[in-house]
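Before any comments, here is the structure.
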Amino acid sequence: MSVHCPSPSRSAVVARLRDAGCVFAEDEARLIISTARTPSDLAAMVERRVAGLPLEHVVGWARFCGLRVSVDPGVFVPRRRTEFLIRRAADLARRSTGPSPAVIVDLCCGSGALGAALATALGEAELHAADIDAAAVRCARRNVAAVGGRVYHGDLYDPLPGTLRGRVGFLLANVPYVPTGEIGLLPAEARLHEARVALDGGADGLDVLRRVAVAAPSWLAPGGRLLFETSERQTSAAVGIVTRAGLVPEVTGSAELEATVVVATRPAPPGAGGTTGA
């Protein structure tokens, strides 16, 4: 004999979330209730959220640049501030004189949100993404496949097809940039429920960026761009890293989103075409 599990009321869900410290309890309740398929599913989702799991892991997706991006448990949740990086990349791509469709590589791709969002914004693109974390790769394959891209499992550039060398117009690298010693200061949602490899940037937070930058010129097309996010206090060091790698940096930011983005361009030979735009 089956036992009917009554569905918690909306007010009960809101109260439970609020008691657990969820600042936006009403918004979260609405999202959880709309996602749950059964009363028991709803009750379980509320319990996972109350236990501290990120809301995106509870409902299984995140909103990013207008897209509904699948986010599996343990996978890095795309941050709203990173939407500024995509807006900057899309603006540069639309004014580009480079080949069409644009060739995009999304390194440290996590859920694949960045590459999928840029490809969607452009309408047409050749998209490749890679991550060292197997769970992230499984998740990203769903999101990237939706825009016709491919995802590879491996360390940075290692798994990418060699045919991409010298062809990449936009290299998106959402590298981890939290210093190892500061991981413990992160909110519990990130510290306990996202992969350490997606957060830990080494002693000064810039170890992964160094590896990305030093190899970037051999993958970028002339005039191609490496775009990455960093903290305001790391900007000077990050600019030095890409400059020493032979790239020309430009720092841009959004006060609204509290985002700092570095756009580092591979110089095009005099008189040569490229992906540059004003």
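Some observations on this one:
- Conditions (1) open to solvent by less than 50 Å² (accessible area, probe 1.4 Å); (2) free of Cβ contacts under 8 Å to residues at least 24 places away in the same chain; (3) among the acidic types (Asp, Glu): number failed by GLU194: (2)
- Matching residues, region 39-54, being touching a residue at least 40 places away in the same chain (Cβ under 8 Å) and among the aliphatic types (A, V, I, L, M): LEU53
- In the condition set (1) open to solvent by 30 Å² or more (accessible area, probe 1.4 Å); (2) of a type in the set (S, T, N, Q); (3) out of contact with any helix residue (DSSP H, G or I) (no Cβ under 6 Å at 6 or more places or on another chain), THR35 is compliant with all but (3).
- Selection of region 11-32 for residues being crowded, with 18+ Cβ neighbours inside 10 Å and either among the acidic types (Asp, Glu) or without any contact (Cβ under 8 Å) to a residue 24 or more places away in the chain (or both) yields VAL14, ALA25, GLU28, ALA29.
- The residue list ALA134, ALA130, ALA113, ALA125 contains one member that is over 21 Å from LEU206 (Cβ atoms) and in contact with a Gly (Cβ under 9 Å, 6 or more places away or on another chain), which is ALA125.
- In the set VAL261, VAL208, VAL239, only one residue is touching a strand residue (DSSP E or B) at 6+ places or on another chain (Cβ under 9 Å), of a type in the set (A, V, I, L, M), open to solvent by 10 Å² or more (accessible area, probe 1.4 Å) and closer than 30 Å to HIS57 by Cβ; that residue is VAL208.
- Residue that is farthest from VAL103 (Cα to Cα) [pool: residues in region 134-155 that are touching a strand residue (DSSP E or B) at 6+ places or on another chain (Cβ under 8 Å) and of a type in the set (D, E, K, R)]: ARG142
- ALA203 being surrounded by fewer than 15 Cβ atoms within 10 Å (Cβ to Cβ) and either modelled with pLDDT under 95 or touching a Gly at 6+ places or on another chain (Cβ under 9 Å) (or both): yes
- Here is the figure for region 32-53: residues that are farther than 24 Å from ALA195 by Cα and in a helix (DSSP H, G or I) total 8.
- Subset of region 54-78 [in a loop (DSSP other than H, G, I, E, B) and crowded, with 18+ Cβ neighbours inside 10 Å]: PRO54, CYS65, VAL71, VAL75, PHE76, VAL77, PRO78
- GLY98 vs. criteria in contact (Cβ under 8 Å) with a residue 40 or more places away in the chain and of a type in the set (Gly, Ala, Ser): yes
One line per residue, one yes/no per condition, for (1) closer than 23 Å to SER96 by Cβ; (2) touching a Phe, Trp or Tyr at 6+ places or on another chain (Cβ under 9 Å); (3) of a type outside the set (S, T, N, Q); (4) free of Cβ contacts under 8 Å to residues at least 24 places away in the same chain:
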| site | (1), (2), (3), (4) |
| --- | --- |
| PRO187 | no, no, yes, yes |
| ALA198 | no, yes, yes, no |
| ALA203 | no, no, yes, no |
| ARG210 | no, no, yes, no |
| ARG225 | yes, yes, yes, no |
| GLU229 | yes, yes, yes, no |
| VAL251 | yes, no, yes, yes |
| SER254 | yes, yes, no, no |
| PRO269 | yes, no, yes, no |
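- Residue selected from region 165-189 under the condition among the small types (Gly, Ala, Ser) and open to solvent by 10 Å² or more (accessible area, probe 1.4 Å), by the criterion modelled with the lowest pLDDT: ALA188
- Screening PHE170 with (1) in a loop (DSSP other than H, G, I, E, B); (2) within 24 Å of ALA93 (Cβ to Cβ); (3) in contact with a strand residue (DSSP E or B) (Cβ under 6 Å, 6 or more places away or on another chain) gives one miss only, at (1).
The values are calculated or read from the model by the stated rules, or taken from the named source; none is laboratory data. The shown structure was predicted, so the numbers you read here are calculated from the model rather than taken from an experiment. FYI the Cβ positions are ideal-geometry reconstructions off the backbone, even for glycines, and counts take in every protein chain you see. Side chains are part of the model used for accessible areas, which takes the heavy atoms of the whole protein and leaves out ligands, DNA and RNA. Shrake-Rupley method; radii C 1.70, N 1.55, O 1.52, S 1.80 Å.
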